[in-house]
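A.B. asks: Got a structure for you, questions after.
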Amino acid sequence: MTENFELIAELHKGGAHRVALQAPEGLKRRLFRLAGELKSAGFKVSISGDPCYGACDLDLEMLRDADILIHLGHAPVDGTDQVLYDIYRMDFDPVVVLNAVPYLTGPEIGLVTTVQHVHLIPAVSNILEDAGFAVTVAEGSGRTPYAGQILGCSFDAARKTGASEILYLGTGLFHPLGVQIATGSRVIACDPFTRNVEVVDGERLLRRRYALIEKARTADQIGILFSPKSGQGRRELAERLASLSPKATTILLREVTPDQLLNLGFSCYVNTACPRLAYDDQVRWPVPVLTPQEFEILCGVRTFDNYEVDEIR
Ligand code: SF4
């Protein structure tokens, strides 16, 4: 019996015959099995093999020859009824949150996580409430449709809690750092798999970003990158930024790689594509890659005191 009975029933109900499949890198190996099941059920199937980092990067090219695109692993960031999103849930024991209790000052806290874990938010909230905390989980909005969900480009669900202390459940430090800078709140990060808990220090990141802006002051040519990807294109922003400096030129670039930046030869870039490229990947870049807000600081139209994390909302 197929594992994807409901999916197949939904596709039949919608009258789809030609199905395109897309998944981010970590889930790509699930696609050949899904393709096999769909083919056995009578569908004509093709797989998108190009890199994909989010639902902001739909393979619309494939949709030209398909009735529907099934996108695994992410929640929708843009509404199009030709795409079926199948988020990938990752379970953990909600009791792990008790590890974070000694770090929380409380009693009021906000709670956020990434899409893989949003289904566990009610259970985690109950455990925290039993431990004496008043937990706020903000409703979803825009590209984060689930309550309590944040993305590397949207910290709305953290901001909307209004809490002066926020608990992030998930892996990695990028998201909680973003929460900290976006909200100014005290942020505790709890990794449910390693069970590590830490108080997030956004100041270190800000010091590094300040140094980068200073380094960018010596640049003689500045490339303003904008993306053709479905949910990352910020052309108007790129053009507005380019108008701030005679050194700046807009550059359309689908995949931002160190080789591409070297080949283009600019001594500084400003990234208007996925915000994580500037923050998370800086060590990979051969020259400074600034966020839009950092470029505004460089151009003197914003002060560092008014630093804002880059988001696409
Ligand atoms: S823009 Fe970046 S952070 Fe936002 S959904 Fe896409 S890949 Fe994720």
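A.B. asks: Only one residue in Val118, Val97, Val124 is touching a Cys at 6+ places or on another chain (Cβ under 9 Å), over 23 Å from Tyr307 (Cα atoms), of a type outside the set (Ser, Thr, Tyr) and in a helix (DSSP H, G or I), so which one is that? Working first, answer last.
C.D. replies: Working: Val118 fails: touching a Cys at 6+ places or on another chain (Cβ under 9 Å); Val124 fails: touching a Cys at 6+ places or on another chain (Cβ under 9 Å).
On inspection, the qualifying residue turns out to be Val97.
A.B. asks: Could you grab me the full set of residues in segment 29-78 that are in a loop (DSSP other than H, G, I, E, B), under 23 Å from His12 (Cα atoms), in contact with an Asp or Glu (Cβ under 7 Å, 6 or more places away or on another chain) and not hydroxyl-bearing (Ser, Thr, Tyr)? Give the derivation first.
C.D. replies: Filtering segment 29-78 for residues in a loop (DSSP other than H, G, I, E, B) gives 41-43, 48-59, 64-67, 73-78.
Imposing the further condition that a residue be under 23 Å from His12 (Cα atoms) reduces the set to 41-43, 48, 58-59, 64-67, 73-76.
From what is left, the residues that are in contact with an Asp or Glu (Cβ under 7 Å, 6 or more places away or on another chain) are 48, 59.
Within segment 29-78, Asp59 is the sole residue that qualifies.
A.B. asks: Given (1) surrounded by 15 or more Cβ atoms within 10 Å (Cβ to Cβ); (2) under 22 Å from Ile166 (Cβ atoms), identify the lone condition not met by Ile68.
C.D. replies: (2)
A.B. asks: Additional query: Given the conditions (1) within 16 Å of the ligand (Cβ to nearest atom); (2) in the same structural domain as Glu10 (by TED's automatic domain parsing); (3) in contact (Cβ under 8 Å) with a residue 40 or more places away in the chain, which single one is not true for Leu63?
C.D. replies: With respect to (1) within 16 Å of the ligand (Cβ to nearest atom); (2) in the same structural domain as Glu10 (by TED's automatic domain parsing); (3) in contact (Cβ under 8 Å) with a residue 40 or more places away in the chain, Leu63 is out only on (1).
A.B. asks: Same structure again: I'd like the full set of residues that are of a type outside the set (S, T, N, Q) and either within 12 Å of the ligand (Cβ to nearest atom) or over 17 Å from Gly106 (Cα atoms) (or both), limited to segment 145-158.
C.D. replies: Of segment 145-158, the ones of a type outside the set (S, T, N, Q) are 145-148, 150-153, 155-158.
Hits for segment 145-158 are Pro145, Tyr146, Ala147, Gly148, Ile150, Leu151, Gly152, Cys153, Phe155, Asp156, Ala157.
A.B. asks: Being free of Cβ contacts under 8 Å to residues at least 60 places away in the same chain, aliphatic (A, V, I, L, M) and within 16 Å of the ligand (Cβ to nearest atom): is that true of Ala75 here? Talk me through it step by step, then tell me what you get.
C.D. replies: Working: free of Cβ contacts under 8 Å to residues at least 60 places away in the same chain: no; aliphatic (A, V, I, L, M): yes; within 16 Å of the ligand (Cβ to nearest atom): yes.
So Ala75 fails the test.
A.B. asks: Look through segment 79-94, keep the residues that are in a strand (DSSP E or B) and not β-branched (Val, Ile, Thr), and return whichever of them is nearest to the ligand (Cβ to nearest atom). Working first, answer last.
C.D. replies: We begin by selecting, within segment 79-94, every residue in a strand (DSSP E or B); these are 83-86.
Right, trim to not β-branched (Val, Ile, Thr) and you get 84-86.
Values: Leu84: 17, Tyr85: 12, Asp86: 16 Å.
Among residues in segment 79-94 that are in a strand (DSSP E or B) and not β-branched (Val, Ile, Thr), the one nearest to the ligand (Cβ to nearest atom) is Tyr85.
A.B. asks: Follow-up question, since we're still on this one. Just checking, which of Val97, Val101 is within 18 Å of Glu198 (Cβ to Cβ) and surrounded by fewer than 20 Cβ atoms within 10 Å (Cβ to Cβ)?
C.D. replies: On the way: Val97 fails: surrounded by fewer than 20 Cβ atoms within 10 Å (Cβ to Cβ).
Selected residue: Val101, the only one of Val97, Val101 that is within 18 Å of Glu198 (Cβ to Cβ) and surrounded by fewer than 20 Cβ atoms within 10 Å (Cβ to Cβ).
The values are calculated or read from the model by the stated rules, or taken from the named source; none is laboratory data. All values derive from a computational prediction rather than experimental measurement. Please note: Cβ atoms are built from the backbone with ideal geometry, for glycine as well, and neighbour counts cover all protein chains shown.
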